[in-house]
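The structure appears below as structure tokens.
The values are calculated or read from the model by the stated rules, or taken from the named source; none is laboratory data. Because the structure is predicted, anything quoted here is derived from the model rather than measured. Every residue, glycine as well, gets a Cβ built from its backbone with ideal geometry; the counts of neighbours run over all protein chains shown. SASA here: full protein model, heavy atoms, side chains in, ligands and nucleic acids out. Shrake-Rupley method; radii C 1.70, N 1.55, O 1.52, S 1.80 Å.
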Amino acid sequence: MKGRQSASGVLSTVMGLALTILFSFGLVILLIFLLSKMPAKTIYAFFIGPFSNKYYLGNMLNVAVPLIFTGLGIAVAFKSSVFNLGGEGQVYAGGLAATIACLAIPHAPGLVGMALALVAAATVSAAIAGFSGFFRMKWDADEMISSFLLSAAVALVCNYFITGPFDDPNNNILSTYPIAKQFGLLKIFPPSKLNVSAFLAIAAAILVYIFMNKTHAGYEMRMCGLNREFSRYGGIKVSRYLVLPMILSGALHGLGGGLMVLGTYQAAIKGFSFGMGWNGIAVALIARNNPLGVLPAALLFAYLDAGAKSAMLGGDVTFEIASIAQSFIFYLVTAQALYDIVRKRRRA
Amino acid sequence: MQLLEMKGITKLYADDLVANDSVDFSLEEREIHAIVGENGAGKTTLMKILYGLEQPDSGSILFRGVKKSIHSPLDANRLGIGMVHQHFKLIPDFTVAENVVLGIEPLRAKIFVDHVTAAREIRRVIESHGFSIDPNARVRSLTVGQMQQVEIVKMLYRKAELLILDEPTSVLTEQEIDSLFSTLRSLREDGKTCIIITHKLQEVMDISDRVTVMRKGGVVAVRSTSEVDKAELSRLMVGKNMLFQLDRKYAACGDSALEFKDVTIRQRGSNRPLLDRVNLTVRSCEIVGVAGVSGNGLGELEDSAAGLRRIDSGQILFDGQDISGLSTGELRARGLAYVPADRLHRGSSLSSTVTENLIVTNHHNFLRAGFLKSGKIRHYATKLVESFAIDGGPRIAIGTLSGGNIQKVILARELTGEAKIVVVSEPTWGLDVASSQFVYEKILEMRSAGAGILFISSNLDEIIGIADSIAVMYRGKVVGFLRNEQDQSKEFKEFIGEYMLGLRDDFVSPDDFVSRDDFAVRAKGESS
Amino acid sequence: MSSNSSYSVPLVFNAVEIMTPFLLAGIGGLFTELAGMLNIALEGLMLAGAFFSIVFAAATGNLFLGIAMGVLSSMLLALLFGTITLKLRANVFITGLATNLFASGFTVVLAYQLFHTKGVIQFQNIPKLPVLVVPDFLQRIPILGDILFGHNIIVYLTWALVLLSAIVIYRTPFGLRLRGTGINADTIVSLGLSPQKYQLAGILISGFTCGLAGAMLTIRLAAFVPEITSGRGWIALVAIYLGNKTPFGIAVASFVFGLTESFSNYAQGAIKIPSDFILALPYVITVAAMILYAVWRHSRATR
Ligand SMILES: Nc1ncnc2c1ncn2[C@@H]1O[C@H](COP(=O)(O)OP(=O)(O)O)[C@@H](O)[C@H]1O
Ligand SMILES: [Mg+2]
């Protein structure tokens, strides 16, 4: 009986989410009507465009990959009641670290270079995030604020490296030298940029799910997230779980950035990952911090992003309507009152 | 003359949770009316409806014969109804005066809070009712008894004619209860009407003119107090005869299991001691009851015994070894079991399942290569849920259980398996008679199994009922240490109450018991 | 000695100017913070104020009408943020993010629609913000005269608002109830008052001050730049915490930010360090200040 209750709870959450998304789509349509001189064509481009050919479809899925990693990074932290607001800087730094690693060993075999690049990405970002966790543990300095500030500073420092010491003078965008060919990830859906990192993203979601729900450390982490005093009382080493979730969260962000470089850009371009950190928070919250829920939530965001791009090319609106569409979803996705309506309906 | 009539009040919190089931309740002018009933009987809900904090699903309220709808506490205040909640609704950072005037502040120059007028009027209310609080004191610095006075003053300042008090005595000492009751009597003299909710039947007999008994959301009886006795009330409340009876024999069997030596804890940022050179020994097979009014160091004693608070000086010994500075986890590994006073935040994680709550202390026993063995865990939890008769099963969130069942989960976790020392604090707070009885039995079982038990409680009745010896704390000091003779007389309680209020402080050595005879001698000395 | 002060006076003068948007947003954010709500929407509210004030000022040629419309639009956005958070009971953090995202998307979309560019939009006919004229003898007070006077009126309005907010928060029934809401909303309910009312009021006040802060950014430049607020709302939030949730504390914290930014502007021209490092300086200094403060507080608590 209890099992059924929770199943119906999940169902009304899903229905509430569906309602939120439909409602947001409605607002997007309305917005396009207001802004566009050829609304029908633009709306078609927004909603159907991403599915209209392999190139668009593959690229949309490829955008979801880093969002899955940042979403997982946030889910791990938030489940532990540790608030990592430094995702932006961590993804960016991870991407840059992977690039520098690859540039340092241009003649290494492909797999070695990829592995090293990803280790570098994860380590650097884990360290950046870990600082905030450490300050929190040691002196009770709010990790939410410190991670945000550190991330802002880190992003600027990354800008310096990308446009300064590592800048490639041979191209006219602000970007580093490209990494060696053999480090590029295998494309799996040509002509799009979708590559094997998609499988890694799915694997990461499953691994994080298992870690959080089936392991010793995951249990202790969740307990600390739900109630730290209870956890200390129960004998769990609570301070450890102020730092560990931050480190894991940073590492996942870093991997997201590193995979973007290896899979998509083959170089660190100024600002290439901007937005991934913030959207990771939204993805995690839509997924209710459930690692498996992160997969569809990331796809939804990638869809909005692809829709806006397609509407820009196939219609006459600017790309930023994606931000507006996302903001509609942000506004409503946690609105308790909407879920109550669904619940009452179902009961009646 | 009839002041109030509530007719057919029904309140549902969810589809299947009927908190009030067509309740009829009436009140005469200038009476003190007691409402009694087990936990969850619906007393608070009925009062919240009367005070406008909840809206009934059906039913009507007549006040002075006129039908009224009370949508908010402001409506209630306007009718002259005031309520003192079980959990005080005070803002600790504000002064007494600010708390009292909050929401109906007197104004200066039409825009500023007029603190001068406020303090003056409040002082008048305070003085005319013989209270002992300073309008300019911060509420944070008051004792629980004084906070309650602030709540009463708050309502009198709002010109309340009908005062509702929800379980006002559960946090007070015997002396404070006496003083509360004389306040209520003088309010009645002034023409006011009072409703008092309580669990303690003696208090019903002492203070009330009439009594309404509630059970499972409905009213089962309304009587004149002079026409009932405690046995009948108790039968009405629980539906069968319940006697508070413990089968216990004193049998301290071993050496000291837990020992406090000159333990001192100071308040952060100041030098005020919260625990002041406390010396206390708990032996195996012994229950040491610690009594005191809240705010006098009971909480600090609990926290330091459980490794949740650093001590500033002194030593805590566990089986002869110094354990000051060890964490709760390390203490648990050495044989600590701990039932905390704060069972909703410290003792349980409300949104986790019963199972997750049960294994927090021993999940390392269910590991294989870093993974939890879910089959073993399920089996273990199911077994505990059955043997402790916990409602609902192992997989539901513990927060959806009743208070009694939450406490059972905590007891199941802490009192299963071996423990050398058990720290128990306020274990029956807010529980009904049957659940309390269950708690006592489990604690006595642990004692028989050889554990030493530190039993901290502000409920003197249960300390006298269960403890082998009683330590009384006042302002962080152990001011009295008595061998307990299970003497439930009012005189004995008042004798201990004198220690609790700091009127006596003559026994500070744990080896120097006051026996029953000593007490008799002393009590005589007092009266002559 | 004298060369020292000739550098430091303009440094501090600029700091006073630069701190104003932080201070305005911080003061408004304080009202939500005291009402018990985390307000990360300051950034977006400021951006809305920045965009609409300059657009309306340019369209009407009237500076004050422009500022008023900027403030109004920021308050409208605050109303949306508050209504969804309180009435629909949504998570305040994520609705705050939504507000920021909405503002940044909406301003660009609208700029594109109106001016067909997503870049910097220069406006020609924007009058200068009036500067407060003080009697000569005040202006001639050594050092202080040069630092305190000669700013535009929004700077002085901000100081007045700091004072006013201190009075409202600590002396009026509204302030008492607002603080009560933040500490224990249950108490407010038990008195028959509505915590949501005070929280919404706090949000609207933050909309007001953020609108003004945003207006100051664009009007001073006579241009709109996408994301012109560039993290100022977040810094303002940090100022609230570092300022210990008091109006004057926030003023001090904002001044420190103003000084670091003013210094990095100066250093950018004078010292050969990469500009990105200099831009990072305010964040690094803030995080260092925050951690030192935490260490200090920690050592005091455990002493
Ligand atoms: N806000 C609430 N939401 C849901 N259930 C509630 C709420 N308040 C009380 N209840 C339930 O209503 C019943 C009556 O509670 P209450 O009136 O507090 O009882 P009493 O005061 O007699 O102990 C209990 O089962 C309790 O769990
Ligand atoms: Mg009750």
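Please report, ordered by residue number, the helices (runs of 4 or more DSSP H) entirely within region B:72-132 with at least 1 residues that are in contact (Cβ under 8 Å) with a residue 60 or more places away in the chain and crowded, with 19+ Cβ neighbours inside 10 Å.
By residue number, B:73-79.
Is it the case that some residue within region B:137-159 is of a type in the set (A, V, I, L, M) and within 16 Å of ligand 1 (Cβ to nearest atom)?
Within region B:137-159, none of the residues are of a type in the set (A, V, I, L, M) and within 16 Å of ligand 1 (Cβ to nearest atom).
So, in region B:1-48, of the ones that are more than 10 Å from ligand 2 (Cβ to nearest atom) and polar (S, T, N, Q), which residue ends up least open to solvent (accessible area, probe 1.4 Å)?
Among them, the one singled out is B:ASN20.
Within region B:16-37, is even one residue aliphatic (A, V, I, L, M) and more than 15 Å from ligand 1 (Cβ to nearest atom)?
The answer is yes; a qualifying residue exists.
Quick check, is B:TYR51 of a type in the set (Phe, Trp, Tyr), within 16 Å of ligand 2 (Cβ to nearest atom) and touching a helix residue (DSSP H, G or I) at 6+ places or on another chain (Cβ under 6 Å)?
Criteria met by B:TYR51.
State yes or no: is A:PHE148 touching a residue at least 60 places away in the same chain (Cβ under 8 Å), open to solvent by 40 Å² or more (accessible area, probe 1.4 Å), within 14 Å of another protein chain (Cβ to nearest Cβ) and part of a helix (DSSP H, G or I)?
no
Starting from region B:211-235, take each residue that is more than 18 Å from B:ALA41 (Cα to Cα) and list its partners that are buried (at least 18 other Cβ atoms within 10 Å of the Cβ), counting only C-beta distances under 7 angstrom and pairs at least six apart or across chains.
Listed by first residue and then by second, the contacts come to B:SER224/B:ARG210; B:THR225/B:VAL204; B:THR225/B:SER208; B:THR225/B:ARG210; B:THR225/B:VAL211; B:VAL228/B:VAL211; B:LYS230/B:LEU201.
Take the residues of region C:78-96 that are surrounded by fewer than 24 Cβ atoms within 10 Å (Cβ to Cβ) and under 20 Å from the mean Cα position of the chain (by Cα): which is farthest from the other protein chains (Cβ to nearest Cβ)?
Step by step, filter region C:78-96, then rank; the result is C:LEU79.
Would you point out which residue out of B:GLY254, B:GLY239 is at pLDDT below 90, away from ligand 2 (no atom under 16 Å from the Cβ) and at positive phi?
B:GLY239
All but one of (1) out of contact with any Gly (no Cβ under 9 Å at 6 or more places or on another chain); (2) on the phi > 0 side of the Ramachandran plot; (3) more than 14 Å from chain A (Cβ to nearest Cβ) hold for B:THR428, so report the exception by its number.
(2)
Quick one: B:ILE81 ticks every box in (1) within 16 Å of ligand 1 (Cβ to nearest atom); (2) under 29 Å from C:PRO173 (Cβ atoms); (3) of a type outside the set (Asp, Glu); (4) touching a strand residue (DSSP E or B) at 6+ places or on another chain (Cβ under 9 Å) bar one, so which box is it?
Unmet for B:ILE81, out of (1) within 16 Å of ligand 1 (Cβ to nearest atom); (2) under 29 Å from C:PRO173 (Cβ atoms); (3) of a type outside the set (Asp, Glu); (4) touching a strand residue (DSSP E or B) at 6+ places or on another chain (Cβ under 9 Å): (1).
For the subset of region B:168-184 comprising residues that are open to solvent by 10 Å² or more (accessible area, probe 1.4 Å) and within 24 Å of B:ARG272 (Cα to Cα), which member is nearest to ligand 1 (Cβ to nearest atom)?
So, considering only residues that are open to solvent by 10 Å² or more (accessible area, probe 1.4 Å) and within 24 Å of B:ARG272 (Cα to Cα), the one nearest to ligand 1 (Cβ to nearest atom) is B:VAL171.
In region C:121-147, how many are open to solvent by less than 40 Å² (accessible area, probe 1.4 Å), touching a residue at least 24 places away in the same chain (Cβ under 8 Å) and not in a helix (DSSP H, G or I)?
Qualifying residue count for the region: 4.
If C:LEU76 satisfies every condition in (1) closer than 26 Å to C:GLY66 by Cβ; (2) in a helix (DSSP H, G or I); (3) at pLDDT below 90 but one, which is the exception?
Tallying (1) closer than 26 Å to C:GLY66 by Cβ; (2) in a helix (DSSP H, G or I); (3) at pLDDT below 90, C:LEU76 fails exactly one: (3).
Given the conditions (1) more than 15 Å from C:ILE219 (Cβ to Cβ); (2) under 22 Å from the mean Cα position of the chain (by Cα); (3) open to solvent by 80 Å² or more (accessible area, probe 1.4 Å); (4) not aromatic (Phe, Trp, Tyr), report the number of the one that C:LYS118 does not fulfil.
(2)
Identify, from the list A:ALA120, A:ALA75, A:ALA98, A:ALA127, the residue that is closer than 30 Å to C:ALA289 by Cα, out of contact with any His (no Cβ under 8 Å at 6 or more places or on another chain) and either part of a loop (DSSP other than H, G, I, E, B) or open to solvent by less than 20 Å² (accessible area, probe 1.4 Å) (or both).
A:ALA75
Just to be sure, is C:GLY150 outside any helix (DSSP H, G or I) and in contact (Cβ under 8 Å) with a residue 24 or more places away in the chain?
yes
How about region C:160-246: which helices (runs of 4 or more DSSP H) wholly inside it have at least 3 residues that are in contact (Cβ under 8 Å) with a residue 60 or more places away in the chain and within 11 Å of another protein chain (Cβ to nearest Cβ)?
So the answer is C:173-183, C:232-242.
Could you look through region B:315-350, keep only residues that are in a strand (DSSP E or B) and either in contact with a helix residue (DSSP H, G or I) (Cβ under 9 Å, 6 or more places away or on another chain) or open to solvent by less than 40 Å² (accessible area, probe 1.4 Å) (or both), and pick out the one that is farthest from the other protein chains (Cβ to nearest Cβ)?
B:LEU317
Listed here are the residues, each with its yes/no results for (1) farther than 23 Å from C:ALA185 by Cβ; (2) within 16 Å of ligand 1 (Cβ to nearest atom); (3) modelled with pLDDT of 95 or more; (4) in contact with a Leu (Cβ under 7 Å, 6 or more places away or on another chain).
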site: B:ASN99; (1), (2), (3), (4): no, no, yes, yes
site: B:VAL116; (1), (2), (3), (4): yes, no, no, no
site: B:GLU121; (1), (2), (3), (4): yes, no, no, no
site: B:PRO135; (1), (2), (3), (4): yes, no, no, no
site: B:ASP166; (1), (2), (3), (4): no, yes, no, no
